[in-house]
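Here the structure is laid out as structure tokens; the discussion comes afterwards.
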Amino acid sequence: MDPENMQRISLYLDRSLVQRADRFAKEQGFSSRNELFARAVENLMADNALQDNDILGDKLAGAVLKLSEDNAKAISKGLFRYAVQLEMVMRVLAELSEYTPEQVEEMRREAINNVRRTRGKVSFEDILAGYYDD
């Protein structure tokens, strides 16, 4: 630091605050109390300026909102395509199956329980293994 641009000031601080600040400065690798207090004041002023003029926060919030809306649209489109394909598979299976409505309802209850129990991570292999074990 340039001594010409420095100004000596006196501060009266609570002893316990000074002791905590000294421990903190040592833990964080500050070279002196001056460095610690100068950085603390600079950070406090920067935080205050950001709160008064929160342009960055507004821009960030807008960017996050736009990204989340774009992601929601993409997920919605993907789910729609998935639902169309699933509907086609269900129609083919319905045409080929000889299950009664009661059997279908029992399968639905079992599927709901499996998905809840496994949090949606049901594998085709596990279901097949269950049918062969019976």
Residue in region 93-106 that is surrounded by 10 or more Cβ atoms within 10 Å (Cβ to Cβ), of a type in the set (Phe, Trp, Tyr) and either assigned to a helix (DSSP H, G or I) or in contact (Cβ under 8 Å) with a residue 60 or more places away in the chain (or both) present: no
Where Val18 falls short, out of the listed (1) assigned to a helix (DSSP H, G or I); (2) over 37 Å from the mean Cα position of the chain (by Cα); (3) loosely packed, with under 10 Cβ neighbours inside 10 Å: (3)
Candidates Leu60, Leu56, Leu44 - the one that is surrounded by fewer than 10 Cβ atoms within 10 Å (Cβ to Cβ), of a type in the set (A, V, I, L, M), out of contact with any Lys or Arg (no Cβ under 8 Å at 6 or more places or on another chain) and at pLDDT below 95: Leu56
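The values are calculated or read from the model by the stated rules, or taken from the named source; none is laboratory data. Quick caveat, the model's predicted, so the values are computed rather than measured. Using ideal geometry, Cβ is built from the backbone for each residue, glycine included, and neighbour counts are taken over all protein chains shown.
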